[in-house]
Amino acid sequence: MDIQQAKFQYLLRLGDSSLIIGHRLSEWCGHGPILEEDIALINIALDFVGNATSILAYAGKVEGKGRSEDDLAYLRDEREYRNLLITEQLNGDFATTIARQFIFDTYMYFLYEELKNSKDETIAAIAQKSHKEITYHLRHTTQWMFRLGDGTTESHERLQNGLNDLWMFTSEMFEMDEIDALLISEGIAPDLSIIKANWEKRVNEVIAEATLQIPTTLFKQKGSREGKHSEHLGFLLAEMQYVHRAFPNATW
């Protein structure tokens, strides 16, 4: 695999994860627990979609086959997506969404902090802009972790259940393969073991302060890097891609 192919696959991993989590969060529109939080979730969703747009546009240029960000978002099938499995999981109740977002936002915060130093100038520029947004996302979800975890008996229980259900998807975030190895050697991508150490430290601190427990499950779910996904992604893509596929080449 040459450097351009590796970079393209890496960009898909980044862009697809942002796109799918953005779509998931958009499903909260009109359903938030309070109006202010309804607006906050949708603004965060828009940030992720904006990040995905920039990354997938660059991925199309790196691939060199004339595909745009829209082509990559709407004209690929489920097995061609490389998003992390945690991003496609159902929203569940509000506490489960917060648990998922806190886990993912913490990962994104430390990942993009390192990507700002990428030797690929375009990736570094995207990371520079996105990290400012992710900093807000993480602050937002961290505050909700405290409010729900150290809140009522029911909010504590729901948040703990959310963490328990999602924990099996966390190890996949830090897996590395030959693509990572090549891009790390070129100074384009960061070593995920560094991200993992920072992630674990922050997550453990917040969970402890929120009076929650680190889940004890040893089961590890993975497969996204080979295009193996949960049943949820197919349904999500069917909804997300419908208009573009039904009215190809339409503009408005």
Considering every Cα-Cα pair within the chain, what fraction, in whole percent, is farther apart than 29 Å? 27 percent
Helix-derived mean residue ellipticity, 222 nm - over the chain, DSSP H n ≥ 4, -39500 (n - 2.57), to 500: -22000 deg cm²/dmol
Could you run the Karplus curve 6.51 cos²θ - 1.76 cosθ + 1.60 with θ = phi - 60° over region 42-58 and give me ³J(HN,Hα) per residue in whole Hz, x for Gly and Pro? 6, 5, 5, 4, 5, 4, 5, 5, x, 4, 4, 4, 5, 5, 5, 4, 5
Would you pull out the residues with amide H under 5 Å of ALA189's amide H, same chain only if 5 or more places away, H placed 1.01 Å from N? ILE184
Could you sort out which of LYS61/LYS220; LYS132/LYS196; LYS7/LYS201 sit more than 31 Å apart by Cα distance in this structure? LYS61/LYS220
Which whole-number percent gives the relative contact order of the chain, counting Cα pairs below 8 Å spaced six or more residues apart? 24 percent
Tell me, what HN-Hα J-couplings in whole Hz come from the Karplus equation 6.51 cos²θ - 1.76 cosθ + 1.60 at θ = phi - 60° for each residue of region 88-93, using x for Gly and Pro? 9, 5, 4, 4, x, 7
The local net charge around ILE20, scoring Lys/Arg +1 and Asp/Glu -1 for residues other than ILE20 whose Cβ lies under 15 Å from its Cβ, equals -4
In the neighborhood of GLU209, defined by Cβ-to-Cβ distances under 12 Å, what is the net charge if each Lys or Arg adds +1 and each Asp or Glu adds -1? 0
Specify whether the C-alpha gyration tensor of region 60-193 places it in the rounded, prolate or oblate class, a ≥ b ≥ c being the square roots of the eigenvalues: rounded for a/c under 1.5, otherwise prolate if a/b is larger than b/c and oblate if not. prolate
Cα atoms only, region 78-122: Rg and Dmax in Å? 13.7, 41
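Any read-out appearing in this document is the output of simple, stated calculations on the displayed coordinates, not a laboratory observation. All figures in this text were calculated on a predicted structure; none of them were measured in a lab. A quick note on method: Cβ atoms are made from the backbone with ideal geometry, for glycine too, and the neighbour counts reach across all protein chains shown.
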